[in-house]
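The values are calculated or read from the model by the stated rules, or taken from the named source; none is laboratory data. This is a predicted model, so every value here is computed, not measured. Cβ placement follows ideal geometry from the backbone for every residue including glycine, while neighbour counts extend to all protein chains displayed. Remember, those area values only see protein heavy atoms, side chains included, never the ligands or the DNA or RNA. Shrake-Rupley method; radii C 1.70, N 1.55, O 1.52, S 1.80 Å.
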Amino acid sequence: MAEKAYLQLKELGSKLDIVPSSKDSLIKLLKDTFRLTVSTFSGLSDTNGPSFGRRVVILETLAKYRSCVVMLDLECDDLVNEIFNTFVAVARDDHPESVLSSMQTIMVVLLEESEEVHEHLLSILLSTLGRGNKGVTMAARRLAMNVIQQCVGKLEPSIKQLLLSLMAGDSKLVNNQIDYHGIIYDLYCCAPQILFGVLPYVTGELLTDQLETRLKAMNLVGDMISIPGTSIPEAFQPIFSEFLKRLADRVVDVRMSAIEHVKNCLLLNPFRAEASQILSALCERLLDFDENVRKHVVAVICDVACHSLNAIPLETVKLVAERIRDKSLLVKKYTMERLAEVYRVSCEKSRDTASLNEYDWIPGKIVRCFYDKDFRSDIIESVLCGSLFPVEFSISDVVKHWVGIFSGFDKVEVKALEKILEQKQRLQQEMQKYLSLRQTHQDKDVLEVQKKNLFCFRVMSHSFADPIKAEESFQILDQLKDANIWKILANLVDPNTSLHQAHAYR
């Protein structure tokens, strides 16, 4: 190699009328020249420095004429390593694109023209990867990814071997502490074909008994399938299928992690080719033995439905609606609230209030909860009045929707709605009676008034989930002296008060 470099320099010297004194002196001169050139690159980190422009010219000249190849001929491995180390250290997000492009060209040339790729160069490139790598700029990470993408044929065997060594915990490696999961993610983004030989080992991590390793593998695959605008390559389908099986993992934390990742996956691309597989696997977890898992599945499906209503099949929403009869109050109440949100979104999507809404069955499901011992009418009423329709809907819009909804009610739902309205009316009348007593009997026998008030409190408290606590709260209310509060309460129970006014008063 050195002989070849000497002949090239001798030919160049003859053209410039420079007569080299000896072969060794020429080679030494050439090495010193490259060493000086490479040393200037460390100053590229200071974009405001007075010599930054001259350093850029040197960099671009070296890239343009590919003269860095001579370093390989001279066997200047230390300088090649220094170039790689320097470039990833000085690359900045505010660098002109020409600077990063020149760095990339030089690194690619050095790799492609090398007879073999040294492990040290691989370690420099791979240790630059990983989103959680705080010591590396985004520009340096992007630079390394671009170089790997351009030299994929040259690097693939070496990277595969190095990755497998890292996954095996080979302590002989220089950078054995680097996060190989982050490296695999970045390689998937820039050159996924490099990973074909590594996938079976990642699949093995999804199946390992070591929880920490399993969770890391879960996060890796979950992040990979959540990359926007990409579909899962055929070669990655087996690992994707194994990932979906983790939704049924024996450990709750793993199941929750899988659910969170598929949520991100669907929110980023709700119509992706794998959406039906994901939703099918999710629906199976609606019957999970852990209430938090069931609640989380309800959350994911409703989040995606609210984000893109057409992305979730109607039958899937109906499966979610069955959790309104869940054995857990946490899940039941949450499902009711989320179903109301889905219905509200469906109303927003269809501004024509006269048209049929395929989600008109949802209010009926909520009304049926009146017969559930865990619910009281006040909880159901708050959902029906406060969450079912968009805030900007007029009273006329709401009425038109209710006419359509009511026309689809069965006998059970009609009866439940009647009972809810009866209780609401009874509560309203009792409150009006109490306010009237308070207003007209202020100077009467205190004991007699208190008895009548307590009777009103007892009747009204039965409309709430916790009658005892409600009665205590009414007694506290009775002690308040703020005239404005009593004025507001009087307006709230006034039949002439509009819905929007009532919201403001509350």
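Among the GluC sites (Glu not before Pro) found in the stretch 391-427, those both in a DSSP coil and sparsely packed, with 15 or fewer other Cβ atoms within 10 Å of their Cβ, are GLU392.
Surface analysis of the stretch 176-308 yields an accessible area of 41 Å² per residue, using protein heavy atoms and a 1.4 Å probe.
Taking the alpha carbon gyration tensor of the stretch 216-366, multiplying each eigenvalue by 5 and rooting it gives semi-axes of 27, 20, 10 Å, largest first. For the chain, the longest principal axis of the alpha carbon atoms and the long axis of helix 52-64 meet at an angle near 70°. The C-alpha atoms of the chain define a longest principal axis, and helix 180-190 lies at about 80 degrees to it.
Here's the picture: charge each Lys and Arg Cβ at +1 and each Asp and Glu Cβ at -1 in the chain, and of LEU126, MET224, SER102 the one pushed furthest to the positive end of that dipole is MET224.
Counting protein heavy atoms only, the stretch 337-478 has 55 percent of its accessible area on carbon and sulfur, 1.4 angstrom probe. Note on SER67/ARG250: beta-carbon distance plugged into 1/(1 + (r/R0)^6) with R0 of 51 Å gives a FRET efficiency of 0.25.
Backbone geometry of the stretch 407-424 corresponds, through the Karplus equation with coefficients 6.51, -1.76 and 1.60 at θ = phi - 60°, to 3J(HN,Hα) couplings of 5, x, 5, 8, 4, 5, 5, 4, 5, 4, 5, 4, 5, 4, 5, 4, 5, 5 Hz, x marking Gly and Pro.
Our summary gives the stretch 166-264 a relative contact order of 23 percent, counting only alpha carbon pairs under 8 angstrom and 6 or more residues apart.
The value of relative contact order for the stretch 287-409, using C-alpha pairs under 8 Å at least six residues apart, is 24 percent. Modelled spin labels at LYS415 and GLN149, positioned 7 Å past Cα toward Cβ, are 6.5 nm from each other. Note that the stretch 399-406 has calculated 3J(HN,Hα) couplings of 4, 4, 5, 5, 4, x, 5, 5 Hz, one per residue in order, obtained from phi through the Karplus relation 6.51 cos²θ - 1.76 cosθ + 1.60 (θ = phi - 60°); glycine and proline are x. Principal axis extents of the C-alpha atoms in the chain (largest first, rounded to whole Å): 124, 50, 46. Charges were assigned to the Cβ only: +1 to each Lys and Arg, -1 to each Asp and Glu. The resulting dipole of the chain about its Cα centre is roughly 1380 debye. The phi torsions of the stretch 446-460, fed into the Karplus equation with coefficients 6.51, -1.76 and 1.60 and a -60° offset, translate into couplings of 4, 4, 5, 5, 4, 4, 5, 5, 4, 5, 4, 4, 5, 5, 5 Hz, rounded to whole numbers, with Gly and Pro shown as x. If you sort ASP78, ASP372 by accessible surface, 1.4 Å probe, largest first, the order is ASP78, ASP372. Each Cα pair under 8 Å and six or more residues apart adds its separation to the average, and for the chain the resulting relative contact order is 7 percent. Its DSSP H runs of at least 4 residues, each contributing -39,500 (n - 2.57), put the calculated 222 nm mean residue ellipticity of the chain at -21500 deg cm²/dmol, to the nearest 500. The Kirkwood radius of the stretch 424-504, taken over pairs of alpha-carbon atoms, gives through the Stokes-Einstein law at 20 °C and 1.002 mPa s a diffusion coefficient of 160 µm² s⁻¹. Whole percent per 10 Å bin, from 0 to the bin with the longest distance: what is P(r) over all C-alpha pairs of the stretch 368-456? Binned Cα distances yield the sequence 14, 33, 26, 18, 9, 0.
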